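No value in this document is a laboratory result; all are computed from the given coordinates. These figures come from a predicted structure and were not determined experimentally. Counting neighbours? That spans all protein chains shown, and the Cβs are built from the backbone with ideal geometry, glycine included.
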Amino acid sequence: MQNHKLPPASLLFIFGGSGDLNYRKLSPALYNLFIDNWMPEKFGIVGIGRTEYNDDNYRSKLYEGIKLFSRRKEDNSGHWQQFSQHVSYMKMDAEKEEEYQKIAGIVKTKEQEFGEHPNVIFYMAVAPQLVPDIAKKLGPLNICSDTKCTRIVVEKPFGHDLASAHELNQLLMSMFDETQIYRIDHYLGKETVQNILALRFANALFEPIWNKNYIDHVQITAAETVGVEGRGGYYETSGALRDMVQNHILQLICMIGMEAPVSFEADEIRNKKVAVLNAIRKIDRDDAHDFAVRGQYDEGWMKGEKVPSYRKEKSVSENSNIDTFAAVKFYIDNWRWQDVPFYIRTGKRLHDKTTIITLQFKPAPHFAFPEEATETWRPNRLTISIQPEMDIRLRFQAKRPGQFMILNPVDMIFNYKDAYDGNEPEAYETLLLDVMEGNATLFMRSDQVEAAWKIIMPILESWETRPPVDFPNYAPDSWGPEDAEALIARDGNNWITLPPLHQE
Ligand code: BG6
């Protein structure tokens, strides 16, 4: 393994320590960082929650989650024994101000034990409505006068709309400096998403054609086969547009659309990304139906299993108008992208679990081939598979072997599994390590979050004022409502699904 510098001594307080996010994602991520020798030499992890645990049964509970969800399930090398010694649990009612002194007490104890002042990280793995209140109580603790050593990590959703996101930003920034606030978008931690920057800016090949002169349109599909998975309570306040588009998908658009950064400084990258968001054409509320389509899944069959409609899911209203599917056509008004449509779609209970980005190129300017040669002609395409396949495919024309001149499309494929050992870190590993190291490049700055809300607000407002008349409007195991097909077909295009590897 490469030699690397370890992050400084760190103390992590996980609010929501007994919750699902910690169980499925955070603990497995921290554990894998430990196995890969990325955790600081001195560290402590304190789970905070209302459930009754002692340290031992809390650790056992986390280990259970690790065995289920970690990318490394079995471990016989004693890593868990060592790692778990750093983990403890504190039962605390986060609503009671006086309880927060316990946190200050733990920081003091650890300071003595470590022989230095650790970075103190407050991770908000709690319901979004609790974040402002907890932050208000953490602010006055004055854990450390140096702004570099305390950090607060805030999960999405960051706000419910533009106004609430702005309010939350104001509140956090009244207690923490922007450099101390880490707003998570876990898509940015995915290897395949980070690789977009490498593909674009470490190669001279793509950049000259990465613009409106050569690209016909861009598509992003982020499809899931699962329903709301017991998260009906949250989803009823959210919907696909808020849950996936405001954050993950707009971030993917930024990665594809941004100008070349001058350096990898956090603010440089974030400036370039926010410039894309600011250039996205504002959709007029009254024209939203021309640019955006919503859907909600019905009951039906999913891979041989009968599944309920969204309206029959737990904690969901039987008249719910919440979108479980959204498709939008965006434009970026700048020199690079003027009039190139960016079609995006996302939804639950769709046919496949797949996230792909496709850049479809314009046709070759002149065709010298005989007509019969071009019957199977297709435009060039660059497809970036984010998950679960992790690959990049470049489609171009080749001559089919034989005595006839017949062209057909072939793929040149870079596949992570073939090229590397297939054991890449999970998004949360990368992001947690960045927080400990104090690197905010992959986190959302306040202006990014607000710019993203501004883009989707007119669609949300339009949907709220005009209740859908056709919900539920798509069957499980489909690709969403028919209107989504029409949205893209109007421009003479169609949604691209990824053919299985080595097939067209
Ligand atoms: C989360 C959403 O942010 O992303 C979920 O709240 C969604 O509804 C999830 O299922 C998808 O993440 P991934 O990494 O599986 O694509």
(request) Go through K91/K137; K348/K454; K329/K454; K273/K417; K303/K348 and tell me which ones have a Cα-Cα distance over 22 Å in this structure. (result) K348/K454; K273/K417
(message) For the pair N278/T465, report the inter-label distance in nm, with labels modelled 7 Å from Cα in the Cβ direction.
(response) 2.8
(request) Multiply the residue gap between E41 and E259 by 0.36 nm, knock off their C-alpha separation, and tell me the result in nm, one decimal place. (result) 74.7 nm
(message) Give the aspartates and glutamates whose C-alpha is closer than 14 Å to that of K190, dropping any in the same chain fewer than 8 places away, or say none.
(response) E389, D391, E424, E426, E429, D434
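Below 8 Å, C-alpha to C-alpha, sequence gap of six or more: please give me the relative contact order for the chain in percent.
Working: 883 pairs, mean separation 88.3, N = 504.
Relative contact order, the chain: 18 percent.
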(request) Can you pull the one-decimal nm distance between simple spin-label points at D75 and L197, each 7 Å off the Cα toward Cβ? (result) 2.8
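Using helices alone, what [θ] at 222 nm do you get for the chain, with -39,500 (n - 2.57) per DSSP H run of 4 or more residues, divided over all residues and rounded to the nearest 500?
Numbers: 15 runs with 150 residues, N = 504.
One gets -8500 deg cm²/dmol as the mean residue ellipticity at 222 nm.
Only Cα pairs under 8 Å and at least 6 apart count here; give the relative contact order of region 42-125 as a rounded whole percent. If you can, show how the numbers build up before the last one.
Details: 55 pairs, mean separation 34.9, N = 84.
For region 42-125, the relative contact order is 42 percent.
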(request) Residues in region 282-300, backbone N under 20 Å from the label point at D339 (7 Å along the Cα-to-beta-carbon vector): list them, ranges by number please. (result) 282-284, 291
(request) Note the full-extension length gain between D20 and A204 as 0.36 nm times their separation in residues minus their Cα-Cα distance, in nm to one decimal. (result) 61.9 nm
(message) Once R0 is set to 30 Å, what does the formula 1/(1 + (r/R0)^6) return for the Cβ-Cβ distance between T237 and E95, expressed as a FRET efficiency to the nearest 0.05?
(response) 0.90
(request) Restricting things to alpha carbons, find the Rg to Rh ratio for the chain using the Kirkwood radius for Rh. (result) 0.98
(request) Show which lysines lie in cross-link reach of K5 when reach means a straight Cα distance below 21 angstrom and same-chain residues fewer than eight apart are skipped. (result) K42, K148
(message) What aspartates and glutamates does K272 reach when the alpha-carbon gap must be under 18 Å and sequence neighbours fewer than 8 apart in one chain are set aside?
(response) E178, D185, E207, E259, D333, D447, E450
(request) Note the full-extension length gain between Q85 and C144 as 0.36 nm times their separation in residues minus their Cα-Cα distance, in nm to one decimal. (result) 18.7 nm
